[in-house]
Amino acid sequence: MTNDPTAKPLAELGVADAQGVARLFADVKNQFTSELDVKQSANDWEELRGAWLGRKSGVLTRITDNWLKPSPPELKRAVGQALNELKAHVEAALETRRLAIEAAADQASLEREREDLSLPGVIRALGTRHPLRQTFEEIEKIFLSLGYSVVAGPEMETPYYNFEALNIPEHHPARDNMDTFYMSTPPGAAPFAEGAQGKPLLLRTHTSPMQVRTMEKQQPPVRIIVPGKVYRRDNPDATHGFIFHQIEGLAVDTDITFCDFAGTVEYFVREFLGPKVKTRLRPSYFPFTEPSVEVDATCVFCGGKGCNVCKQSGWIELFGAGMVDPAVYGFVNYDPKRLSGFAFGLGVERLTQLKYNVNDLQLYYQNDVRFLRQFA
Ligand code: FA5
């Protein structure tokens with residue numbers, strides 16, 4: 001800065017008396033004020049302080065070196081005093097500014113931290129109920145509304161309840177359809193659970209054993225459904241699991257007819273699959289029901305016109321059912337002359353597949369959120 005007056009001694013600046021000194025210092029003070037006016041930020045403040053109060057080359061140091069030290073004795077006092085005042089002014093002004101800058105920063109961070117209650121909240125991803133669970137709950141609701149109660153039974157069963165008492169004696173071909181997991185017994189282990197008669201326990205292949213267990217304990221009228229897991233040595237594929245789920249139904253009373261059965265089935269299917277779906281009963285065979293039927297529904301995918309899913313027939317198979325075989329009543333001391341009833345066994349995976357058009361049953365067990373979220 002060639003024009004910088006603080007670089008030159010007083011004589012060169014033509015200052016020879018106290019008034020001249022006062023004017024000179026007034027100019028310097030104005031200069032400071034104008035710099036302070038334009039420099040507002042925290043960084044500016046550091047710069048300004050260095051420029052004015054810096055020990056080595058700050059303005060005040062230059063004034064000390066160039067004006068005060070070489071000043072003639074008659075001006076020394078005036079220069080010294082003016083310099084002190086200037087220094088006090090600069091220091092005070094810089095301190096005031098520092099406080100202002102700090103307060104502004106505090107205010108800004110307060111603004112930033114202030115809660116805005118009108119902002120939308122953070123939405124946490126909620127889990128969804130598993131599609132099979134949804135089917136369970138829907139079906140339970142339908143039958144509860146018809147006066148049924150929900151009961152549960154053991155997954156580890158005796159051959160008696162799983163087969164014999166359901167009119168499936170040993171060597172009956174129906175056992176082949178339900179390839180069974182048997183439990184092995186450690187040598188010397190205690191005899192098996194009640195009713196096992198020394199035969200190995202098994203994992204129930206269907207929920208039907210609960211028909212027998214319930215009738216053993218309860219006198220008619222009986223109206224139950226039994227949701228639960230069942231196990232079969234089936235190879236897993238798009239329509240088979242080796243663990244899957246069924247819901248058993250059983251109604252027994254003194255005057256239950258095939259019409260009650262057909263009406264109940266029709267009501268259930270319409271509630272579950274929708275009002276447009278029609279049902280038909282097709283003769284079938286189960287050792288524990290007589291007559292036995294397969295319940296078919298008009299194909300939910302083509303509405304009965306015929307498509308790949310229903311193999312162009314317009315119908316899809318829903319579940320097996322029938323009137324309770326009198327032979328079963330013999331195992332539970334019910335009087336077959338006085339009592340009648342019906343039973344059904346729903347495949348939960350199958351019904352869920354039909355309802356939501358799921359083409360592979362394995363998807364239920366893989367816990368892929370992209371699949372599960374579709375059932376939110
Ligand atoms: C039975 O299990 C009989 N207990 C049903 C019954 C109950 C008939 C009461 C009459 C009276 P079935 O073996 O057909 O029947 O099996 C019933 C349903 O379970 C089938 O319709 C099918 O939907 C389902 N299912 C059978 N095997 C599998 C499997 N490996 N994976 C998934 N679902 C299966």
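Each reported figure results from applying straightforward, stated rules to the coordinates on display, with no laboratory input. Only a predicted model underlies this, so the values are computations on that prediction, with no experimental measurement involved. Note that each Cβ is placed from the backbone with ideal geometry, even for glycine, and that neighbours are counted across all protein chains shown.
Note down the relative contact order for the stretch 1-117 as a percent, whole number, built from C-alpha pairs under 8 angstrom at least six residues apart.
The normalised contact order for the stretch 1-117 reaches 31 percent.
Listed highest first by mean packing, meaning other Cβ atoms within 10 Å per residue, what order do 216-229, 117-130, 70-83 come in?
For the peptides 216-229, 117-130, 70-83, the packing ranking is 216-229, 70-83, 117-130.
Along the charge dipole of the stretch 5-113, which of Leu83, Gln40, Gln107 sits closest to the positive end, that is, farthest toward it, with unit charges on the beta carbon of Lys, Arg, Asp and Glu (+1, +1, -1, -1)?
Among Leu83, Gln40, Gln107, the one farthest towards the positive end of the dipole of the stretch 5-113 is Leu83.
Rounded, prolate or oblate for the stretch 169-309? Axes are the square roots of the Cα gyration tensor eigenvalues, ordered a ≥ b ≥ c, and the cut-off for rounded is a/c under 1.5.
oblate
Would you compute the Debye intensity of the stretch 1-149 from its alpha-carbon atoms alone, equal scatterers and no solvent, and pass along log10 I(q)/I(0) at q = 0.09, 0.10, 0.13, 0.20 Å⁻¹ to two decimals?
Debye output, listed in q order: -0.49, -0.55, -0.73, -1.18.
Taking the 0 to 90 degree range and rounding to the nearest ten, how far is the long axis of helix 18-38 tilted relative to the main principal axis of the chain, both from C-alpha atoms?
That works out to roughly 10 degrees.
Let me make sure I get this right: for the stretch 229-282, a, b and c are the square roots of the gyration tensor eigenvalues over alpha carbons, sorted descending. Under 1.5 in a/c it's rounded, otherwise prolate if a/b > b/c, else oblate. Which is it?
It is oblate, given that a/c is not under 1.5 and a/b is not larger than b/c.
I want the antiparallel fraction of DSSP beta bridges within the chain, as a percent rounded to 5.
95
Per the Kirkwood treatment, what hydrodynamic radius in Å, one decimal, follows for the stretch 131-375 from the mean inverse distance over all distinct Cα pairs?
18.9
Against the longest principal axis of the chain, how steep is helix 42-53, in degrees 0 to 90 to the nearest 10, with axes from Cα atoms?
The angle comes out at about 20 degrees.
Can you list the aspartates and glutamates whose alpha carbon is less than 18 Å from that of Lys311, not counting same-chain residues fewer than 8 positions off?
Cα-Cα hits under 18 Å: Glu294, Asp296, Asp360.
Which value, in debye to the nearest 20, describes the size of the charge dipole of the chain about its Cα centre when Lys and Arg Cβ atoms bear +1, Asp and Glu Cβ atoms bear -1, and nothing else is charged?
Here the size comes out at about 480 debye.
For the chain, just give the cysteines left without a disulfide-compatible partner, judged by no other Cys Cβ under 4.7 Å.
Cys259
Which of the lysines could be linked to Lys69 by a straight reach, that is with a Cα gap under 22 Å, when you skip same-chain ones fewer than 8 residues away?
Within the straight-line cut-off, Lys69 pairs with Lys8, Lys29, Lys56, Lys87.
How far is the Cα center of the stretch 287-365 from the Cα center of the stretch 1-54, in Å?
The stretch 287-365 and the stretch 1-54 have Cα centres spaced 100 Å from each other.
Tell me the relative contact order for the chain as a rounded percent, counting alpha carbon contacts under 8 Å between residues six or more apart.
Relative contact order comes out at 14 percent.
Would you mind counting up the charge near Lys56? Only other residues with Cβ under 14 Å from its Cβ, with Lys and Arg at +1 and Asp and Glu at -1.
Net charge in that neighbourhood comes out at +2.
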